[in-house]
Structure formats: structure tokens, C-alpha cells
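Engineer: Here's a structure for you.
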Amino acid sequence: MALITATVPVTAFQQNCTILMCEATHRAAIVDPGGDIERIIAKLDAMGAKPEKILLTHAHLDHVGGTAELAKRYQLPIEGPHKGDNFWIQALPQQAQMFGLPPVEMFTPDRWLTGGEQVTVGDVTLDVIHTPGHTPGHVVFVQPEQKLALVGDVIFNGSIGRTDFPQGNHADLISSIRDKLFPLGDEIEFVPGHGPRSTFGHERKTNPFVADKRG
Ligand SMILES: [Zn+2]
Ligand SMILES: [Zn+2]
């Protein structure tokens with residue numbers, strides 16, 4: 001049972017919207033549809049994917065801006081983020097204004113997620129990890145057998161998420177990375193919310209913010 005992954009950078013922020021498709025059933029989850037939904041739909045079509053749900057790591061506009069539209073288009077349930085991010089969803093109009101973007105439609109998740117839960121995509125199961133810091137309700141999705149993680153804006157190849165937004169917390173972010181993500185294993189490959197993929201092992205060696213040698 002494996003997932004086929006495809007990443008579509010969307011919005012002016014080049015946010016990595018990632019399609020997770022179950023190889024066996026072709027059922028797919030769309031993770032963080034930040035916008036540009038016609039491009040996401042084109043990719044789904046090219047993959048022969050049957051959209052099943054939307055998964056959200058956190059509620060920043062560049063990650064959720066296309067959620068309402070896409071959910072409506074395919075009648076999809078929305079799972080995530082953790083309800084600590086509800087204030088960011090309620091603030092979507094202000095987020096759009098702040099970034100000079102057209103107003104986006106509001107939505108309500110069908111399922112808030114918490115750490116220790118699981119989500120499914122077709123026949124594949126992913127673990128949910130609550131990783132506050134960048135936002136209080138940020139979650140990460142992990143498929144342990146495939147050694148794959150979708151980490152949103154928690155950690156990037158060579159960097160970590162910002163914590164200067166309302167309810168951001170630097171100590172929480174570092175703890176989320178070191179105490180919750182790195183223990184999953186060096187060989188886990190992650191897709192970040194922006195930029196190229198990496199592995200936890202590579203970041204433990206080289207990341208200027210959370211490498212082991214930084215104590
Ligand atoms: Zn973010
Ligand atoms: Zn982002």
C-alpha cells in the first residue's frame with residue numbers, strides 16, 4: 001500500500017500543495033490547497049486521481065486559500081488542522097487583505113485533528129502529530145512505512161517556520177521539531193510547505209536552527 005505524491009507550488013508564496021494518491025485505489029487527498037485550484041485540478045486529472053478529502057496542516061492563507069472552492073467543487077470533507085488554528089480561519093478575510101489578495105471563502109473543517117489520531121487516504125493511513133510553534137494548531141502528517149512526512153511550515157530544507165505571528169512560539173516550534181519529528185527517524189523524507197524536500201537526518205546535520213550540534 002503506497003502513496004504516490006505530486007507537489008504543485010501555488011500562490012505568490014510558492015506554497016507546496018501536495019496531492020497524496022493511494023496507488024491501489026487512486027483515491028487522493030489534497031494537502032494544503034492554498035489557491036490556484038485550476039492547476040491543482042489539472043494535476044489531479046493528469047494523475048487519474050479521485051479526490052477524496054482535503055487535509056490541512058495549518059490555517060495560513062497560502063495553505064488554505066483554495067479550500068472552500070475545492071471542497072465545493074468535489075464535495076470533499078476537510079480534515080485538519082488542530083482547532084488551535086481556528087482563529088486563523090476566522091481571520092481569513094484579514095489575512096487576504098494583509099497580503100493584498102482577493103477575499104477568500106470561509107470554511108469550517110469537518111474534522112479537527114489532534115496528535116495521536118490518524119487520517120486515511122484510500123487504503124493508506126497517516127499518523128497525525130500536533131506540532132505547535134509556527135501556529136498553535138499546526139499538524140504534521142506522517143506515513144511511517146513509506147517514510148514520508150508532510151510538515152507544512154514547521155521545518156524547511158535549511159530553515160524553520162516563522163514564529164513572529166500572533167500565537168507563534170519559538171520554544172514550542174523547536175520542541176515540536178526535536179521532540180516530535182526528529183525521533184521519527186533520520187530517513188524520513190519530508191515535503192515542506194515551501195521549497196525543496198529534505199530528510200530529518202539531513203536537517204539534524206545541517207539545519208542552522210535545529211541541527212544536533214546546536215545543543
Ligand atoms: Zn504558515
Ligand atoms: Zn506557508
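The values are calculated or read from the model by the stated rules, or taken from the named source; none is laboratory data. Note that the structure is predicted; figures quoted are calculated from it, not measured. For neighbour counting, all protein chains shown are included, and Cβ atoms are generated from backbone atoms with ideal geometry for every residue, glycine included. Accessible surface is based on the protein model in full, side chains and every heavy atom, while ligands, DNA and RNA are left aside. Shrake-Rupley method; radii C 1.70, N 1.55, O 1.52, S 1.80 Å.
Engineer: Yes or no: the range 178-191 includes at least one residue that is closer than 18 Å to residue 9 by Cα, touching a residue at least 60 places away in the same chain (Cβ under 8 Å) and not aromatic (Phe, Trp, Tyr).
Structural biologist: yes
Engineer: I would also like to ask the following. Would you confirm, using the coordinates I've provided, whether residue 205 is more than 21 Å from residue 56 (Cα to Cα), at pLDDT 95 or above and open to solvent by 50 Å² or more (accessible area, probe 1.4 Å)?
Structural biologist: So residue 205 passes the test.
Engineer: Considering only the range 20-78, state which residues are in contact with an Asp or Glu (Cβ under 7 Å, 6 or more places away or on another chain) and of a type in the set (S, T, N, Q).
Structural biologist: Hits for the range 20-78 are 25, 57.
Engineer: Go through the residues of the range 146-159 one by one and say whether even a single one is away from ligand 1 (no atom under 15 Å from the Cβ), within 14 Å of the chain's Cα centre (by Cα) and within 16 Å of residue 58 (Cβ to Cβ).
Structural biologist: Yes: one or more hits.
Engineer: Here are the criteria: (1) modelled with pLDDT of 95 or more; (2) open to solvent by 60 Å² or more (accessible area, probe 1.4 Å); (3) in contact with a helix residue (DSSP H, G or I) (Cβ under 7 Å, 6 or more places away or on another chain). Tell me which single one residue 111 does not satisfy.
Structural biologist: (3)
Engineer: Report every pair of residues separated by at least 6 positions or lying on different chains whose Cβ atoms are under 7 Å apart, first residue within the range 160-172 and within 16 Å of ligand 2 (Cβ to nearest atom), second open to solvent by 70 Å² or more (accessible area, probe 1.4 Å) and assigned to a loop (DSSP other than H, G, I, E, B).
Structural biologist: Every condition considered, the pairs that remain are 160/209; 168/162.
Engineer: Separate question: Can you go through 121, 140 and tell me which one is within 20 Å of residue 204 (Cα to Cα) and in contact (Cβ under 8 Å) with a residue 12 or more places away in the chain?
Structural biologist: On inspection, the qualifying residue turns out to be 140.
Engineer: Then there is this: Give the residue, chosen from 102, 77, that is touching a helix residue (DSSP H, G or I) at 6+ places or on another chain (Cβ under 9 Å) and more than 19 Å from residue 31 (Cβ to Cβ).
Structural biologist: Every option except 102 fails the conditions.
Engineer: Inspect the range 189-199 for any residue being outside any loop (DSSP other than H, G, I, E, B), of a type in the set (Lys, Arg) and either open to solvent by 10 Å² or more (accessible area, probe 1.4 Å) or within 16 Å of ligand 1 (Cβ to nearest atom) (or both) and give the result as yes or no.
Structural biologist: no
Engineer: Looking only at the range 27-71, which residues are within 16 Å of ligand 1 (Cβ to nearest atom), touching a helix residue (DSSP H, G or I) at 6+ places or on another chain (Cβ under 7 Å) and small (Gly, Ala, Ser)?
Structural biologist: 34, 59, 66
Engineer: Considering only the range 157-188, state which residues are open to solvent by 40 Å² or more (accessible area, probe 1.4 Å) and on the phi > 0 side of the Ramachandran plot.
Structural biologist: Result: 167, single match.
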